[in-house]
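Nothing in this text is a laboratory measurement; each read-out follows from the coordinates by a stated rule. These numbers come from a predicted model, not from an experiment. Glycine gets a Cβ as well: all are built from the backbone with ideal geometry, and neighbour counts include every protein chain shown.
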Amino acid sequence: MTGTTTGSPVPFEAAVSRYDPVIGLETHVELSTAAKMFCGCRVGFGAAPNSGVCPVCLGLPGSLPVINKAAIEYTIRIGLALNCTIASWCRFARKNYFYPDMPKNFQISQYDEPLCTDGWLDVEIAGQTVRVGIERVHLEEDTGKSLHVGGATGRIHGADYSLVDYNRAGIPLVEVVTKPIGGTGALAPVVARGYVTELRDLLRALGVSDVRMEQGSLRCDVNTSLAPAGSAEWGTRTETKNVNSLRSVERAVRSEIERQAGILDAGGRVILETRHFHEDSGTTTPGRSKEEAQDYRYFPEPDLVPVAPSAEWVDQIRAALPELPAARRAELKRVSSQLRTEWNVSAADMESMEHIGALGLVKQTVDLVTGSGDTARAAAFARKWWLGELARKANESGIELAELAISPRDVARVIELEVSGELNDKLARRVLDGVMAGQGPPDEVIAARGLAVVTDSGVLAAAVDEAIAANPEIAAKIRGGKTAAAGTLVGAVMQATGGQADAATVRDLILQRCTAQS
Ligand SMILES: [Zn+2]
């Protein structure tokens, strides 16, 4: 061994002035198919450990895998959206390695015959378009999940014991691998983040995954290498594993550039290895030295037939692709002034909506609201939610609006119920909370938690009469013409109905009752 493999990190600006970074991203995406990749087990996050398993995904002797057609279709959808060539014939391969979370001791993956190859994705960075080449998109099965108990870090070192949950084993997993991305200089960390953001939005639009980074359905490995500025040769890369937020993708690249520059400045060499990113310190530490492909002893999976998607099927899938984020953004730009008029908002309002990434969400929501008969009114409600309560929630969780566990369809439904008087503002808030807590779409949350506004006139009338009887002196004031005093009684009725009445209706009813009795 020659030269050092350590060195003090170099400040970022200095590092990128002397070295050219080259990055590469490998993104794993759990598909949201109903069943697993090679068996009929249901897929779901948060189920009791080892409740969603069968002989196939547990790798029991004698069990045989069968390919899930929906997973193939989803993968082709992704490949087409990334401008890839779709293989007319390809095979799965066995990737052999031992790890306790992999019950078969091999993973069914794709090796030299990926389903989709050679595409690209355009990413907007500071008004410029960076075209990121896509090397391949292939399909494999996910592994189980180890849980290391005891110890400070949650890693196996220092743990008292380990548990393993095979629910995730066999979930269809797509891996999207970029070509090396060079020439971005100081923008490399931002390009990495921009690429993952664009890919995530694309996958969400395709409806193939719920792309929840915090739940692990979208996971990123980030390759980084440095070469002396102007050099034609690439440096040795490191692979930072499982970087689990957009912000971490940017920080991981930045930290690796600073660390590797320190080693190269000291005349040392960077080791080809995997590294772990630490959210708290924003730095990486070494994992294992990187395996070479031959360590996995790949060979064609003998238990599966080849995959041969027909040209007609691929054309059908292409024809059914939804509008993709880039096209949607261009369309929003085109109709922006028309929307301003329809929604009756100022240019500054439009700009602030765009700035926090709410414009597209508000537009989708307004488009989905039916029966309001008034676009400006629907837009006012949509802006109230996306720019108010939901923006606050996203901010609190340190995520973007689009990452919230709520869709424009959910918000549109809540608005319909507000417009029809079935929800008031307070109840609507609780319904949105329920949706974000994973309790289902609005109507399910309302049914489960009994959140509909009390519209039963008998129930309301009884509550109003009770409030009047309990507050005779206030009722007398109202009868005497001081209608402003009704506010106290409205409060009493709202309390009696647990906030589930429409305040305006209650007020009308109180005034009506008091007049009738006088
Ligand atoms: Zn199974």
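Quick look at the numbers
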item	result
Burial ordering of Met37, Met353, Met436, fewest other beta-carbon atoms within 10 Å first	Met436, Met353, Met37
Inter-site label distance for Ser88 and Arg409 at 7 Å from Cα along Cβ, in nm	3.7 nm
Zone of Ala186's modelled label, taken as backbone nitrogen in region 11-55 under 17 Å from a point 7 Å along Cα→Cβ	11-22
Theoretical gain in end-to-end length, Ser281 to Ser420 [0.36 nm per residue, Cα-Cα removed]	45.0 nm
Whole-angstrom gap from region 381-452 to region 1-61, using each part's C-alpha centre	32 Å
Pair Thr129, Ala152: separation of 7 Å Cα→Cβ label points (nm)	5.0 nm
Partners for Lys482 among lysines (Cα-Cα distance below 25 Å; same-chain residues under 8 apart left out)	none
Relative contact order [Cα under 8 Å, 6+ residues apart], the chain, whole percent	14 percent
Dipole magnitude of region 1-148, debye to nearest 20 (Cβ charges: Lys/Arg +1, Asp/Glu -1, about Cα centre)	540 debye
Rounded D (µm²/s) - region 200-294, Kirkwood Rh over Cα pairs, Stokes-Einstein at 10 °C, 1.306 mPa s	108 µm²/s
Amide hydrogen neighbours beyond the local backbone of Gln110, cut-off 5 Å, H modeled	Ala93, Leu139
17 Å Cα-Cα reach of Lys426 towards aspartates and glutamates, excluding residues that sit fewer than 8 places from it in its own chain	Glu389, Asp410, Glu416, Glu418, Asp443, Asp502
20 Å reach of a label modelled at Gln316, 7 Å along Cα-to-Cβ, counting backbone N of region 57-90	67-81, 86-90
Neighbourhood net charge (12 Å Cβ-Cβ; Lys/Arg +1, Asp/Glu -1) for Thr483	+3
Relative contact order (percent, whole number), region 235-343, Cα cutoff 8 Å, 6+ residue spacing	22 percent
Modelled FRET efficiency - R0 22 Å, Ala516 with Ala469, Cβ distances, 0.05 increments	0.95
Contour excess over end-to-end distance, with Cα ends at Ala232 and Asn50 and 0.36 nm allotted per residue	60.5 nm
Estimated dipole of the chain in Debye, rounded to 20 [Cβ of Lys and Arg +1, of Asp and Glu -1, Cα centre]	480 debye
Percent RCO, i.e. relative contact order, over region 90-181, from Cα pairs under 8 Å lying at least 6 residues apart	26 percent
Integer Hz, Karplus 6.51/-1.76/1.60 couplings in order for region 87-94, x for Gly and Pro	5, 8, 7, 7, 10, 7, 10, 8
Cysteines in the chain lacking a second Cys C-beta under 4.7 Å	Cys39, Cys41, Cys54, Cys57, Cys90, Cys220, Cys514
Val305-Asp122 FRET efficiency (beta carbon distance; Förster radius 45 Å; 0.05 resolution)	0.80
Exposure proxy order (Cβ contacts within 10 Å, fewest to most) of Thr85, Thr375	Thr85, Thr375
Using θ = phi - 60° and Karplus 6.51 cos²θ - 1.76 cosθ + 1.60, couplings along region 329-335 (whole Hz; Gly, Pro as x)	5, 4, 5, 4, 4, 5, 9
Test item: Cα-centred dipole of region 12-293, Lys/Arg +1 and Asp/Glu -1 on Cβ, debye	460 debye
Kirkwood hydrodynamic radius of region 246-317, Cα pairs, Å	16.4 Å
From phi via Karplus (6.51, -1.76, 1.60), per-residue ³J(HN,Hα) for region 235-240 in Hz, x at Gly/Pro	x, 6, 9, 10, 10, 8
Selected from Pro472, Ser310, Tyr161, residue furthest toward positive end of dipole (the chain; charges at beta carbon)	Pro472
Long-range amide H partners of Gly216 with built H, under 5 Å	none
For Asp210, residues with placed amide H under 5 Å, excluding near neighbours	Ser32
Leading residue at positive end of dipole, the chain (Cβ point charges), from Gly499, Asn395, Gln128	Gly499
Pairs beyond 22 Å (Cα-Cα), from Lys36/Lys179; Lys104/Lys145; Lys36/Lys393; Lys179/Lys241; Lys333/Lys363; Lys36/Lys241	Lys36/Lys179; Lys36/Lys393; Lys36/Lys241
Among Ala261, Ser17, Thr238 the positive-end extreme of the charge dipole of region 12-293 (Cβ point charges)	Thr238
Three semi-axes of the equivalent ellipsoid, the chain, Cα gyration tensor, whole Å, largest first	52, 28, 24
Ranked by how many other beta carbons lie within 10 Å on average, peptides 152-163, 233-244, 121-132 from highest	233-244, 121-132, 152-163
Label zone at Lys179, where the point sits 7 Å out along the Cα-to-Cβ direction: region 1-44 residues whose backbone N lies under 20 Å	20-27
